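Heads up, the thing below is written out as structure tokens.
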Amino acid sequence: MRAMVLCAPGASLQMQERADPHPGDGEIRVKVSACGVCRTDLHVVEAELPNIHYPIVPGHEIVGRVELVGRNVAAHQKGDRVGIPWLGYTCGVCRYCKEGMENLCDHPQFTGYTRDGGFATHTIADARYAFPLGADGDDVSIAPLLCAGLIGWRSLVMAGNAERLGIYGFGAAGHIVAQIARWQGRSIYAFTRAGDTDAQAFALRLGAVWAGASDQIPDVPLDAAIIYAPAGQLVPVALRAVRKGGRVVCAGIHMSDIPSFPYHLLWEERQLVSVANLTRQDGLDFLKIAPAAGIRTQVTAFPLAEANDVLNRLRRGQVLGAAVLQP
């Protein structure tokens with residue numbers, strides 16, 4: 001097998017030849033056909049997440065076919081198409097797992113972060129954390145649904161029944177969530193980097209009723225806002241944009257420091273909440289809804305060997321929609 005491997009903090013990924021991995025008890029080996037490139041992969045590469053053990057293979061928006069099945073696997077068979085998401089394992093015994101909050105597990109494993117991921121020709125997955133995908137849809141278009149879609153869905157649920165919804169950072173997750181929200185009958189307000197007219201035009205094409213720079217305030221107050229951009233300075237901006245009793249959802253796994261802000265921005269029962277990871281039920285729910293909502297991902301495919309270039313494009317904000325690697 002071949003893999004793009006991160007060997008040190010901030011280093012460029014290295015293409016390596018490795019022995020084909022063998023699935024252990026309860027595991028499957030998957031031949032990767034597509035793997036989305038997520039901003040979380042940047043956080044891994046730049047060592048912005050703690051306790052990274054090197055070398056590690058990034059990538060957690062994986063679509064592929066089961067090639068080998070380990071012992072005690074009943075859910076998947078050789079040849080099945082599966083999706084492998086960020087959440088790669090939970091302990092099942094901590095209080096969070098027992099109370100239906102496995103996304104907060106005390107002893108989790110995460111694909112492409114604490115276990116090797118999908119920037120490779122093959123990967124190993126815990127069979128319990130691989131979603132059956134069926135035969136509909138092409139692999140490249142589906143790949144971004146495995147994180148941008150799943151985390152987007154969880155953040156949308158956290159936003160409640162907001163009729164006027166703000167989306168800060170109109171990238172992979174934002175453009176998927178906007179389609180679901182429009183299907184649900186909500187009005188979308190898209191916020192992008194200043195001067196990013198391409199992203200603003202993209203948002204309007206997807207049905208947003210307003211698009212502008214992230215430091216702008218629409219003429220009407222928002223019921224809720226979701227922040228996908230990893231920029232802490234957007235928190236007080238979004239709080240200023242939502243109405244009394246409104247909610248701001250921070251959807252990223254990493255964000256720069258939130259600056260101090262006056263209490264009156266939070267007062268009047270505005271809420272500030274975060275989204276952490278996902279549950280398998282999130283995945284099952286979302287993967288049923290995605291076809292009904294008619295989601296069409298905007299994707300650009302690249303060869304696996306160009307992973308470093310793709311990460312640089314994502315770092316510079318030069319990816320419209322989502323980028324996907326094809327081994």
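The values are calculated or read from the model by the stated rules, or taken from the named source; none is laboratory data. Owing to the predicted nature of the structure, the values given are computational and were not obtained by experimental measurement. So basically every Cβ, Gly included, is an ideal-geometry build from the backbone, and we count neighbours across all protein chains shown.
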Q) Can we say Lys288 is under 23 Å from Ser33 (Cα atoms) and either out of contact with any Cys (no Cβ under 7 Å at 6 or more places or on another chain) or assigned by TED's automatic domain parsing to the domain that holds Asp106 (or both)? A) yes
Q: Report, by residue number, each residue of region 259-274 that is outside any helix (DSSP H, G or I) and either touching a Pro at 6+ places or on another chain (Cβ under 7 Å) or among the acidic types (Asp, Glu) (or both).
A: Pro259, Phe261, Glu268, Glu269
Q) Counting only residues that are in contact (Cβ under 8 Å) with a residue 40 or more places away in the chain and among the acidic types (Asp, Glu), which one in region 138-168 is nearest to Ala213 (Cα to Cα)? A) Glu163
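For (1) within 30 Å of Val63 (Cβ to Cβ); (2) at pLDDT 95 or above; (3) not assigned by TED's automatic domain parsing to the domain that holds Leu87, each residue gets a yes or a no:
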position: Gly232; (1), (2), (3): no, yes, yes
position: Ala241; (1), (2), (3): no, yes, yes
position: Arg247; (1), (2), (3): no, yes, yes
position: Phe261; (1), (2), (3): no, yes, yes
position: Glu268; (1), (2), (3): no, yes, yes
position: Thr279; (1), (2), (3): yes, yes, yes
position: Leu320; (1), (2), (3): yes, no, no
Q: For Tyr96, work out the one condition from (1) part of a helix (DSSP H, G or I); (2) surrounded by fewer than 20 Cβ atoms within 10 Å (Cβ to Cβ); (3) of a type outside the set (Gly, Ala, Ser); (4) within 21 Å of the chain's Cα centre (by Cα) it doesn't fulfil.
A: (4)
Q) Residues that are of a type in the set (A, V, I, L, M): which strands (runs of 3 or more DSSP E) entirely in region 13-72 hold 2 or more of them? A) 27-37, 61-69
(Q) Condition first: farther than 18 Å from Gly317 by Cβ and basic (Lys, Arg). Can you find one or more residues in region 193-202 that meet it? (A) no
**Q.** Pairs where the first residue, in region 268-279, is closer than 17 Å to Gly232 by Cα and the second is outside any loop (DSSP other than H, G, I, E, B) and of a type in the set (S, T, N, Q), C-beta under 7 Å, 6+ apart
**A.** Val275/Ser155; Ala276/Asn103
Q. Residues in region 19-72 that are over 29 Å from Pro230 (Cβ atoms), among the charged types (D, E, K, R) and touching a residue at least 60 places away in the same chain (Cβ under 8 Å): how many?
A. 4
Q.
If I ask for residues that are part of a strand (DSSP E or B) and surrounded by fewer than 22 Cβ atoms within 10 Å (Cβ to Cβ), which ones from region 83-93 would you list?
A. Tyr89
Q. Is region 112-121 home to any residue that is touching a residue at least 12 places away in the same chain (Cβ under 8 Å), under 20 Å from Val37 (Cβ atoms) and hydrophobic (A, V, I, L, M, F, W, C)?
A. yes
Q.
Just checking, does region 29-41 include any residue being among the polar types (S, T, N, Q), surrounded by 15 or more Cβ atoms within 10 Å (Cβ to Cβ) and out of contact with any helix residue (DSSP H, G or I) (no Cβ under 7 Å at 6 or more places or on another chain)?
A. yes
Q. Counting only residues that are crowded, with 17+ Cβ neighbours inside 10 Å and either among the hydrophobic types (A, V, I, L, M, F, W, C) or without any contact (Cβ under 8 Å) to a residue 12 or more places away in the chain (or both), which one in region 282-292 is nearest to Gly185 (Cα to Cα)?
A. Ala290
Q: Take the residues in region 288-304 that are hydrophobic (A, V, I, L, M, F, W, C) and touching a strand residue (DSSP E or B) at 6+ places or on another chain (Cβ under 6 Å), then tell me which one is nearest to Ser141 (Cα to Cα).
A: Val299
Q.
I'd like the full set of residues that are of a type in the set (S, T, N, Q), farther than 30 Å from Cys105 by Cβ and either touching a Gly at 6+ places or on another chain (Cβ under 8 Å) or part of a loop (DSSP other than H, G, I, E, B) (or both), limited to region 275-314.
A. Gln298, Thr300
